[in-house]
Every structure is written in C-alpha cells, then in structure tokens.
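Have a look at the structure below before the remarks.
The values are calculated or read from the model by the stated rules, or taken from the named source; none is laboratory data. Since this is a predicted model, take the numbers as computed values, not measurements. All Cβ positions, glycine included, derive from the backbone under ideal geometry; neighbour counts span all protein chains shown.
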Amino acid sequence: MKNKILVLIAVLFLIVSMVGCKKQQAAPVPTPSPTATSVPKIEKILYINNGDLYSMKPDGTGSEILFPDGTSKWFPCISPDGLAVAYWAQEKGSYNLWVGNFITAKATQITFDNDTVEGDIQNFTIRNAPVWLPDGQSQVRAESADKNSRA
C-alpha cells in the first residue's frame, strides 16, 4: 500500500510538473534606437571686444556685433545645438545671465539680480562662465567657482 501511494504521488508530481502553471513571460523591452538630430553647422567664431559680443567667419572676415543692447557682455558659451549663446551681461554694476538666439537675433535675460558688485570682482572669472547641460534642452546654469562667489 505504501508503494502504491508513493507511485501515485510520483505520477501526480510528474503530471503537475509537465502541465503545471506556466509563468507569464514579461513583454520584451524594446531596444532604444538613436534618433537622428540635425545639428546646424554654424561656422562662426565668437569673441568679446570692449564688452561687445561679435561673430566672424573662420577666415577672419564678416565681423558683426551680436545682440547690441548697451550691456557689457562676458564669457560667451554656445549651446550644444549651436543655435544659442549664453553669456553674462553687466549693466549698471550688476551682472545677469542672458541667452541670445542666433535664429531670431534676440537675447533674453535669464537672471534678474539688481545687486551691484562693489570693489574688486576677483571672484568673477572664467570659472563663473555659463555652461549648457549636454542635452541642450535644459536651462543654462552658471557654475560657481566657490561658495562665496556670485553665480
């Protein structure tokens, strides 16, 4: 009798294991595919001269002033897509971050700091230049050289 019960259990175990509950397979995750993004080819050199932002062709011709608005511009940084430039602008003793659009030829003020910089501005150096996040879609931000510097 004992053997018959063991054989019956073994047969049931075999049937259950063969038929059993099937695990539902998770839907396969699609492999991300890169999206083609056109990056405009703007062959221009940007430079600052007496606080004005200029562009010129790589051969040194075609110099033109960009975003003339009476502010003194500093530390230009072109966006990853090449369509805009971020820079610091100084007006009436205060520095604010601006973004100029090459397509519309208009600049937009990003920060609105009315505090003036008094005395020596040693902390306002190239380490405080604006930078773009790699995706180019995120807002431009200013990197601070240290905790005490203005960004």
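Numbers for the structure displayed
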| read-out | value |
| --- | --- |
| Of the criteria (1) farther than 19 Å from N96 by Cα; (2) among the β-branched types (V, I, T); (3) at pLDDT 65 or above, which one V11 fails | (3) |
| Complete set of residues in the stretch 61-75 that are touching a residue at least 12 places away in the same chain (Cβ under 8 Å) and part of a loop (DSSP other than H, G, I, E, B) | F67, P68, D69, G70, T71 |
| Yes/no for Y54 being under 12 Å from A129 (Cα atoms) and modelled with pLDDT of 90 or more | no |
| Set P28, P40: member being part of a loop (DSSP other than H, G, I, E, B), loosely packed, with under 12 Cβ neighbours inside 10 Å, touching a Gly at 6+ places or on another chain (Cβ under 6 Å) and at pLDDT below 85 | P40 |
| Sole exception among (1) surrounded by 11 or more Cβ atoms within 10 Å (Cβ to Cβ); (2) more than 20 Å from Y47 (Cβ to Cβ); (3) at pLDDT 75 or above for Y95, by number | (2) |
| Where a residue in the stretch 33-57 is closer than 23 Å to W98 by Cα and its partner, wherever it lies, is modelled with pLDDT under 75 and assigned to a loop (DSSP other than H, G, I, E, B), with Cβ under 9 Å and at least six apart | S55/I42 |
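Yes/no per residue for (1) charged (D, E, K, R); (2) in contact (Cβ under 8 Å) with a residue 24 or more places away in the chain:
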site: S79; (1), (2): no, yes
site: V85; (1), (2): no, yes
site: E91; (1), (2): yes, no
site: S94; (1), (2): no, no
site: G100; (1), (2): no, yes
site: T104; (1), (2): no, no
site: A107; (1), (2): no, yes
